[in-house]
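J.: Sharing a structure here in structure tokens format.
The values are calculated or read from the model by the stated rules, or taken from the named source; none is laboratory data. Just so you know, these numbers come straight off a predicted model, no measurement behind them. No Cβ is skipped: glycine too gets one built from the backbone with ideal geometry, and neighbour counts run over all protein chains shown.
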Amino acid sequence: MAIGFEIDPQKCTECERCMAVCSLLKFQKVLIRQASISVERNWPEIPVIRVCRFDDCEGQPCITACPVAAISKQDGIVRINREACIGCGLCVQVCPEQAIWMDGENNAYKCDFCGGDPACVKECVTGALSLKGG
Amino acid sequence: MPGSMYDKILRIDCGRQSAESWDVPEELREYIGGMGYGTKILVDEVSPSIDPLSSDNKFILTVGPLTGTMAPMHPHSCIVTKSPLTGTILNCYSGGFLGAEIKFSGIDGIVLEGRSPDWVIILIEDGKVSFHNAELVRGKGTGETERYMKNLFGGDVRVISIGPAGEKEVAMAGVFSETRTFGRGGAGAVLGSKRVKGIAFRGTRGVETARPEEFQRLVEEDMRHIQSFCAEEYNLVGSFSRVGTGSGMGLINSRGALATRNHKFGSFDGYEKIDGFAYSEKFYTRAISCYGCPVHCGMLHKFRKYDQSDSWLRGPEYETMFSLGSDLLNDDPILLAEAHLLCEEYGMDTLTTGITLAWAFEMAERGILREPGLELKFGNRDSILGLIRQIGEREGIGDLLARGPGVAEQEIDTGGSGSAMQIKNSGFAAWMPRRMKGVALAFATSNRGACHKRAPIGAEIMGQIDMDTIEGKAVLVKEIQDKVNAVFTLITCRFHEFDADPEIYPRYLAAATGQTINLKEFLRLGERIWNLEKLFNLGAGFTRADDRLPGRCYEPIKGESSEGAVMKPEQFETMLDEYYEARGWTKDGVPTPEKLKELGIEGYAGLVRR
């Protein structure tokens, strides 16, 4: 099965539940700014939803950009090994979706697809975010 | 035990431009948060007799235990202050994303005191306060002020601001937050009196809950419930979800309860051109949520103005479709959008502004009011936009109208029969007291003037109860007032409360903060807060004579579907007697010592003026 999201920003109402639940699962608290998905408001136009596109990302340049091989594909999911990350930020620069960020400890972070069952998708009531092929 | 409240409130002294963090004392925690915190702080610290625009007033902005969490339909924040419009205690609310950001910055609220020597913008970052010069945005609209603040501090801050009306202390000036509005009661003028043009918040501390698993189960249960009623064809909130709050205008019109032409008529032929369906059919429409809300009742529309420039707005809400629409005989959706945007830029409540315009147009028709250079005429574009501008600028007749419709009426129509649709100087919300007797009582007895937040609107308009009878309305209104006050400690969206089993609120509270309180005690807290507000208002000089409807409410409604519907003065007085009795108050509307003791607030009896 292909790993990835179907994203329809036309349907997004910008409630940020995807961001809230993402941070809640990672940090046990709602920390919107550290979510691995981002809804950028662009009123009156539709928002930009930034999240790793996995199999839909051509070439997956973050993997090759990482000088210490901290980014790899495991079970089809592109992941960052935080222990190995040296905080150089190259992956952030090359990500075509701008969906990799640096955290307060200068480590890169991105969506890990919740290991295969993304919580953000379940939280999205309008269908702006759904599973690829789902 | 860590919970969803930080137990810290920032006290900001505008005069000294300093701030300190204040630990929430145990006796305040009993008031849960939101409106409970604001009311208790104001009543404890501000004398009821002060001038609301003096440096003695306080501006209290709070959040609650569910703010910022995953609990759906809890995006609001609450302002409590003494109202310059009504002279009563005021609580008002705005949705959007502000509340969550305040919580994320590690505080439960702020208390602004004093008056700044110069105009300032305040930045609050994770509880740290800094003051910034506001000269560059003096006189600017709320939209431009917001953009300025986001340029200055970064696009991710959440802000409140006032427009020129707030700066000029216009009595119906609101506080604006990214198209959401703390509209009622003139909180914008209070912020203006403190010389604060805006406040920006940025928070990186997030929010957690005391019992995360229990909390998450509640969130999931609540989400399922909300999605289920939103999917029902005839559910009111469900229709808001599909076309916004303007979805019900046709129903209200068919019930002869759509206030039209300064409340003379109960139906408006042109409603179909300006209701929620009209906006979504005629204009580009996109649903916009408040933080964490699956209902997404906010509708963003793009439209072209009469000057051919492209524009957009998030709104109008139903209440504005009435106040700047039917009540002004305006069936032009573009003009309505322009008027809405003008109110937003000046920073004024569309309700009291529209009510004031409707009254002024009627006075002009009767030859009592005129303004050189400006025709004052129902349905006329220049009249509507021109008069909004003059109020916002306090120019000409606008200077008088800026003091509120009740004050203006007293000034120039002294022999009048009460055709300004206001109570305690606050303009009516979009409902007709003559038609809806529960609404009549709720408007008259509201502690903040003609207020619809605690009225049995849904039950009366949907026909669940007979809207024309006075039977049972006294107890019903009391119960709703107490219940809504209780849920406003959590700052629950009123639309959540429409369909919720109220047991969920104490359950949410326990899971969020660890505070255990049963539903009865929770509702009793709502009643306690109601009585505290009442004591403050009595202290400010209000009496039974102020809990009254304007004369027009006793005239028959003109119009086909509601011809003859009328409220008789004796009917209203009966309801008021029954209401005071249900409240445990005297015939004069004063809480008895026994009632205060029962509620545990006997220490506040001294607030009442003797």
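J.: Give region A:18-30 a look and list any residue that's facing chain B (nearest Cβ under 10 Å), part of a helix (DSSP H, G or I) and in contact with a Phe, Trp or Tyr (Cβ under 9 Å, 6 or more places away or on another chain), or say none.
T.: A:A20
J.: Mind listing whichever residues of region B:383-428 are over 20 Å from B:S326 (Cα atoms) and of a type in the set (S, T, Y)?
T.: B:T414, B:S417, listed by residue number.
J.: Which of the following residues is within 14 Å of chain A (Cβ to nearest Cβ), at positive phi and under 25 Å from the mean Cα position of the chain (by Cα): B:G143, B:G96?
T.: When all the criteria are applied, what remains is B:G96.
J.: Considering every residue within region B:11-34, establish whether at least one is within 19 Å of the chain's Cα centre (by Cα) and closer than 20 Å to B:G183 by Cα.
T.: yes
J.: Going by the structure shown, is B:D547 among the acidic types (D, E) and within 25 Å of the chain's Cα centre (by Cα)?
T.: yes
J.: Pull up region B:198-214, narrow it to residues that are in contact with a strand residue (DSSP E or B) (Cβ under 9 Å, 6 or more places away or on another chain) and more than 11 Å from chain A (Cβ to nearest Cβ), then point me to the one that is nearest to B:K103 (Cα to Cα).
T.: So the residue we want is B:F201.
J.: Name the residues in region B:215-250 that are within 14 Å of chain A (Cβ to nearest Cβ) and not hydrophobic (A, V, I, L, M, F, W, C), would you?
T.: Residues satisfying the conditions are B:Q216, B:R217, B:E220, B:D222, B:R224, B:H225, B:Q227, B:S228, B:G238, B:S241, B:R242, B:G244.
J.: Then there is this: Within 14 Å of chain A (Cβ to nearest Cβ), at pLDDT 95 or above, touching a Ser or Thr at 6+ places or on another chain (Cβ under 8 Å) and farther than 28 Å from B:L400 by Cα: is that true of B:L313 in this structure?
T.: Yes, satisfied.
J.: I would also like to ask the following. Output the residues belonging to region A:111-134 that are of a type in the set (A, V, I, L, M) and within 12 Å of chain B (Cβ to nearest Cβ).
T.: Within region A:111-134, A:A119, A:V125, A:A128 meet the criteria.
J.: Does region B:223-276 hold any residues that are outside any helix (DSSP H, G or I) and without any contact (Cβ under 8 Å) to a residue 40 or more places away in the chain, and which are they?
T.: Within region B:223-276, B:A231, B:E232, B:E233, B:Y234 meet the criteria.
J.: Looking at the structure I just gave you, is B:L549 hydrophobic (A, V, I, L, M, F, W, C), part of a helix (DSSP H, G or I) and either in contact (Cβ under 8 Å) with a residue 60 or more places away in the chain or surrounded by fewer than 21 Cβ atoms within 10 Å (Cβ to Cβ) (or both)?
T.: Here the answer is no, as B:L549 does not meet what is asked.
J.: Let me ask something else. Going by the conditions given, is B:A450 touching a strand residue (DSSP E or B) at 6+ places or on another chain (Cβ under 6 Å), outside the structural domain of B:L376 (by TED's automatic domain parsing), small (G, A, S) and under 26 Å from B:L538 (Cβ atoms)?
T.: yes
J.: Just for region B:300-330: of the residues that are charged (D, E, K, R) and out of contact with any Leu (no Cβ under 9 Å at 6 or more places or on another chain), which one is surrounded by the most Cβ atoms within 10 Å (Cβ to Cβ)?
T.: Looking at residues that are charged (D, E, K, R) and out of contact with any Leu (no Cβ under 9 Å at 6 or more places or on another chain), I get B:E317.
J.: In addition: With respect to the numbered conditions (1) in contact with a Ser or Thr (Cβ under 8 Å, 6 or more places away or on another chain); (2) at pLDDT 95 or above, which one is the sole condition not fulfilled by B:C451?
T.: Only one criterion in (1) in contact with a Ser or Thr (Cβ under 8 Å, 6 or more places away or on another chain); (2) at pLDDT 95 or above is unmet by B:C451, namely (2).
J.: Only one residue in A:C114, A:C120 is touching a Leu at 6+ places or on another chain (Cβ under 9 Å), touching a residue at least 40 places away in the same chain (Cβ under 8 Å) and surrounded by 19 or more Cβ atoms within 10 Å (Cβ to Cβ), so which one is that?
T.: Just a single option satisfies the conditions, and that option is A:C120.
J.: Sticking with this one: Determine which member of the set B:A257, B:A287 is crowded, with 20+ Cβ neighbours inside 10 Å and away from chain A (no Cβ under 14 Å).
T.: The match here is B:A257.
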